[in-house]
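Okay, structure first, notes after.
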Amino acid sequence: MIEGIFAVVTELLHLGTAWRYGYFRDELYFIACSKHLAWGYVDQPPLVAAAAYLSAASGYQLLLLRLLPIVAAALTVYLSVAIAHELGGGRFAQTLAGCATMLAPAYLLLGNTLTTTSFEPLTWTLVIYACVRIVSNAERRDPKHARQWWMLLAAAVVAGAYAKYSIALLAAGLFVGLLATRERVIFRSVWPLIALLTIAVALFPNLAWQAEHGWPIVEVLRGDAVHRPGFQNGVTLEYRSLATNAGAFALEQLLYLNPLAAPVWIAGLIAPFVLRSIRDLRFVGIGYAVVFAVAVALGAKGYYVVGIYGALFAIGAVAIERAPRWAGATLFAAMFALALVALPLALPVLPVDGLIAYSKTFGLTGSDGQPARLIQPIFAEEFGWQRLARDVASVYHQLPADTRKRTAVYADTYADAGAIDLFGPAYGLPLAISSQNNYYLWGTHGYDGSTLIAIGATRIDLLRKYYRSVTLARTSTEPYKWVVEGPSPIYVCRNPVAPLSEIWPKLRWYGA
């Protein structure tokens, strides 16, 4: 009953806000990918492209584009409450788990945006839930039900892998945790092998695509690790230094999940080692330690492991329910109050100018005589895309008619290319070409490269090597986008040193 209530409230919360701003930068790329459906992509598995495709008939209307992430967010909260109930938690534990999961800033953002990480909280929580049930059935020696939960585990891993490969990290961590505890007994049946074979067969098409294309995801991850810019307001969350990045990684876990909710998930890590009734869940805490350590060692970004916290909230809530009532009530009230205060920074409940004013109230922007600006980077990446297409069109239509026919619009990032593809046709623009990630594989669309309109600054020095004339035509500026990037320059490139087909391989870049 409580699970269903929380799921419905979560869904309504997202349905009421997901349409408010605009398309997130990655969503523009996923829309482009949905027009080239395949078993794999350079930088991602195919699930997000398929999810975007489902909204194609509506013209990629925002609410429909984000419908699956909204459903995933609701199911994540449902599962978190269900785990608390499964572990013997009462109404308080279930309510605490539901609120902590539903109002976690990272989960609010992911439920409101279509990204590869949007499905991670659901699939990671489902994997842990299946493991909990497998362990529970092993203790009761119920092979019939164990078989069902092994198949659910396989399905959750497959779904997670088709959304984002990082679920392999969770699977490895839980495997180590199970081997390190007495719960290793679950591996003494044939069902783990059957589940593993099921996963391998189901993932074969995607892995075959990656193998056929030379495993480009490896190059993407390498490029992603190198490209770690800070924000315009001076905040930096990711560093190239491993030691510094480890500290930032730990801090981000607090910020992404609500600092005052930290006692709940930390209790979820510790309680199985203290409370006899949930002692068989020690593998979850060990698995978390493995996931955290490996992620830090690989220089991962902080949000790469947020999927694990829905289950930890559930376990921790059961433990906290055993504390004195006043302590649990105080923690709940403090956590809930901070979640409400931070809500506009994680969910678009306010108009954008209202959000800027709200941020200024707390001194987050507009101090020291500086103008107040939009400082939430995810939201900032939802503005300026139509303006960019309009500004590019103004440059494009200034070219002579015979030149326009041979002129390609080249975007240095997949987001800019996706914006041109989505908004450009209304302004008479052709589809964009780009050398980033899967756009590179889609090629030059037959353009000879004699004239190129180039958007963005990251590739311009390289373009100057291959074009004798590179002229800045205008700059596209979006004030709301200030925190993540500056104005976007628009160049006209003429007189190439070689045909575009020869230049193209030298422009390729894989990464974020």
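Annotations for the structure displayed:
- Relative contact order of the range 385-507: 27 percent, from C-alpha pairs under 8 Å at least 6 residues apart in sequence.
- Net charge over other residues, Cβ less than 13 angstrom from the Cβ of Tyr60 (K, R count +1; D, E count -1): 0
- Note on the range 321-428: the alpha carbon radius of gyration divided by the globular reference 2.2 N^0.38 Å gives 1.74.
- For the peptides 131-137, 492-498, residues were scored by their other Cβ atoms within 10 Å and the scores averaged per peptide; the highest-first order is 131-137, 492-498.
- As a rough footprinting exposure proxy, the listed residues Thr458, Thr115 were ranked by other beta carbons within 10 Å of their own, and the order from fewest upward is Thr458, Thr115.
- Per-peptide average of other Cβ atoms within 10 Å, ordering 79-92, 309-322 highest first: 309-322, 79-92
- Whole-Å distance, taken between Cα centres, linking the range 454-482 and the range 281-300: 42
- Charging the Cβ of each Asp and Glu at -1 and of each Lys and Arg at +1, and nothing else, the dipole of the range 385-507 about its Cα centre rounds to 280 debye.
- Computed from point charges on the beta carbon alone (+1 for Lys and Arg, -1 for Asp and Glu), the dipole magnitude for the chain about its Cα centre is near 540 Debye.
- The range 46-140 - percent relative contact order, Cα under 8 Å, separation 6 or more: 34
- Mean residue ellipticity (222 nm) of the chain, computed from DSSP H runs ≥ 4 via -39,500 (n - 2.57), nearest 500: -18000 deg cm²/dmol
- Acute angle (nearest 10 degrees) that the helix 120-140 long axis makes with the longest principal axis of the chain, alpha-carbon atoms: 20
- Ranked by the mean number of other Cβ atoms within 10 Å of their residues, highest first, the peptides 93-101, 271-279 fall in the order 93-101, 271-279.
- For the chain, the relative contact order comes to 18 percent (Cα pairs under 8 Å, sequence separation of at least 6).
- Kirkwood-based Rg to Rh ratio, the range 385-507, C-alpha trace: 0.93
- Nearest 10 degrees, 0 to 90: helix 216-226 Cα axis against the chain principal axis: 90
- Qualifying aspartates and glutamates (Cα of each under 14 Å from Cα of Lys301; at least 8 residues distant if same chain): Asp224, Glu238, Glu252
- Per-residue Cβ neighbour rank within 10 angstrom, fewest leading, His14, His397: His397, His14
- As a calculated quantity, the FRET efficiency between Ala200 and Glu86 at R0 = 35 Å, using C-beta atoms, amounts to about 0.75.
- Charge context of Thr407, other residues only, Cβ under 12 angstrom, K/R +1, D/E -1: +2
- Ranked list, fewest to most other Cβ atoms within 10 Å of each Cβ, for Trp326, Trp215: Trp326, Trp215
- Counting only alpha carbon atoms, the long axis of helix 191-212 and the longest principal axis of the chain meet at about 10°.
- Each Lys or Arg adds one and each Asp or Glu subtracts one; over the other residues with Cβ under 14 Å from the Cβ of Met102, this totals -2.
All of the numbers you see were taken from the coordinates with simple rules; none came from a lab. Just so you know, these numbers come straight off a predicted model, no measurement behind them. In this analysis, Cβ positions are derived from the backbone assuming ideal geometry, glycine residues included, and neighbour counts consider all displayed protein chains.
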